[in-house]
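Notes to accompany the following structure.
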Amino acid sequence: MADRRTLATGIVRRLREAGHEAYFAGGCVRDQLLGREPLDFDVATSAPPETVQALFRRTVPVGAQFGVILIVEDGVPFEVATFRSDDAYVDGRRPTRVHFGSAREDAERRDFTINGLFLDPLGGQVVDFVGGQMDLRAGIIRAIGDAHARIAEDRLRMLRAVRFAARLRFTIEPVTRAAIAAAAPTITDIAAERIGDEIVRILTEGGARPGFELLADTGLLAPILPEVAGMAGVAQSPDFHPEGDVFVHTLLLLEQLPEGVTETLALGALLHDVAKPSCAAVQEGGRITFYGHPAVGAEMAVAICQRLRRSRAVWERVAYLVRNHLRLVHAPEMRLSTLKRLLREEGFDELLALARMDAFASNRDLRYVEFCERRRAELAARDDIRPPRLLGGDDLIALGYAPGPRFGEILAALEEAQLEGRVRTRGDAERFVGERFPRS
């Protein structure tokens, strides 16, 4: 199968051969000019939607009223949009009507100059009506035209500006930034799922720390995530947290999140100390404590993830990470069976990664993290973390035990003995059961 660029170029070629203008548009042009490999290729064209559908065999009219047709080539979908200008946006997301027009009009209705570029993939020329190339070279996020109007059309553009600035390490141009700060309180007028998607992208695209610093500085963080904004200024004991307050500590975790990190680990890092402000107390002598914050934080994390419309699987895993993020500290003192159960838990890899980041962002004591890594490797090499079941219900019946609720107790005790290393063979298991659970 041809690669995406080749397939997308073929779409442009066919439109051109039919007498229409056609270019790569938007993010794929921006990424290519920055030396990044685009993930997707969108095409903009002068051909009206019905013409696009007539020229290609497999099409889906995903937004025909807005001039958007999905073309499927070799099983790969490509978005092809007709050049357009937009009427007023009354819902803060979509225009009331669109008018098909020129490439210039299409560029001028887009959000930021760096996203308003076109590229001719056949000849290699960049078509720039909005000064996007200059802003790319200068590392600037600038709204096209009137920044206040662009934001009023779709308030999600405020979060997109932050995400692009964070991921690309660009700065937001002052007028655009002022418009974002002015409109920040209205960000929650848009759908929570759209906000959640952007927050996750900020966390997982490699610019989490600068992204959240920008969210805070522009006033966007408080309306979206007041629980996270509330971490600022919450002091911590300097012996365990020489780095500073809870928000500074959280930013240091976010700084460690690599591009492509899982949504669950990213949200776990963001929310692991979310309950510290509500659990803070000052003891005699001035020591600051946060007793109970992992359990309280897990409940808060669920509520936040649900508010941002994340899936059940996501909020369950995030709650697990928040609830258990301090548990590894006690691993060296755990009974062997308890340690093995911890090491084999679903989600433990992410819990271990969170614990490592948490330590790096505070006193840098990695002894308990390294202990877990070492013991897991040792036990996995001996296949001791998940020992095979030696006896089952039928075996207990054959040994003379009557079926019933007691079976669960017997099998649980047998597994405990296996994990402790006291039972290794079937003969060991039968002797253990007979001695521990005499038949009446």
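None of the figures in this text is laboratory data; all of them are computed from the coordinates on show. Everything numeric here is computed off the predicted structure, so don't read it as measured data. FYI the Cβ positions are ideal-geometry reconstructions off the backbone, even for glycines, and counts take in every protein chain you see.
Length gain on complete extension for the stretch Glu105 to Asp365, per 0.36 nm per residue less the alpha carbon to alpha carbon distance? Working shown, then result.
Details: separation 260, 0.36 × 260 = 93.60 nm, distance 5.73 nm.
Gain on stretching Glu105 to Asp365: 87.9 nm.
Please identify every one of the trypsin sites (Lys or Arg not before Pro) in segment 149-243 that sits in a loop by DSSP and has no more than 15 other beta carbons within 10 Å of its own beta carbon. Numbers along the way, then the final one.
Details: sites: Arg150, Arg155, Arg157, Arg160, Arg163, Arg167, Arg169, Arg177, Arg194, Arg201; in loops: Arg155, Arg169.
Counting only loop positions with at most 15 other Cβ atoms within 10 Å, the trypsin sites (Lys or Arg not before Pro) in segment 149-243 are Arg169.
No solvent, one uniform scatterer per C-alpha: report log10 I(q)/I(0) for segment 1-138 via the Debye equation at q = 0.09, 0.18, 0.20, 0.21 1/Å, two decimals.
The Cα Debye sum returns log10 ratios of -0.25, -1.02, -1.24, -1.35.
Between Arg386 and Arg57, with labels modelled 7 Å along Cα→Cβ, what's the label distance in nm to one decimal, could you check?
Using points 7 Å along Cα→Cβ, the separation is 4.4 nm.
If each residue of separation counts as 0.36 nm, what is the full-extension length gain between Arg137 and Asp197 once their alpha-carbon separation is subtracted?
Values: separation 60, 0.36 × 60 = 21.60 nm, distance 2.81 nm.
Extending this stretch completely gives an extra 18.8 nm.
Between Glu243 and Arg5, take the C-beta separation as r, use R0 = 35 Å, and let me know the FRET efficiency to the nearest 0.05.
Numbers: r = 44 Å, r/R0 = 1.26.
Efficiency computed from Cβ-Cβ geometry: 0.20.
Nearest 5 percent is fine: what portion of the DSSP beta bridges confined to the chain is antiparallel?
Values: 25 of 30 bridges.
Here the share of antiparallel DSSP bridges comes out near 85 percent.
From the gyration tensor of the Cα coordinates in the chain, what semi-axes in whole Å does the equivalent ellipsoid have, largest first, with each one equal to sqrt(5λ)?
On the way: eigenvalues 560, 180, 69 Å².
Values for the chain, descending: 53, 30, 19 Å.
How would segment 143-220 be classified by its alpha-carbon gyration tensor: rounded, prolate or oblate, with rounded meaning a/c under 1.5 and the a/b versus b/c comparison settling the rest?
It comes out oblate by the Cα gyration axes.
For a quick check of your reading of the filter: which trypsin sites (Lys or Arg not before Pro) in segment 316-392 sit in a DSSP loop and have no more than 15 other Cβ atoms within 10 Å?
Details: sites: Arg317, Arg323, Arg327, Arg335, Lys340, Arg341, Arg344, Arg356, Arg364, Arg367, Arg374, Arg375, Arg376, Arg382, Arg389; in loops: Arg335, Arg344, Arg364, Arg382, Arg389.
Answer in residue order: Arg335, Arg344, Arg364, Arg382, Arg389.
Based on alpha-carbon centroids, what's the gap between segment 172-216 and segment 1-61 in Å, whole number please?
Centre-to-centre (Cα) distance: 29 Å.
Tell me, what does the Kirkwood hydrodynamic radius of segment 225-386 come to in angstroms if you use every pair of distinct C-alpha atoms? Could the numbers behind the result be given before it?
Working: mean 1/r = 0.0612 Å⁻¹.
In segment 225-386 this quantity evaluates to 16.3 Å.
What do you get for Rg/Rh of segment 128-275 when both radii come from the Cα atoms and Rh is the Kirkwood radius?
Checking Rg against Rh, the ratio lands at 0.99.
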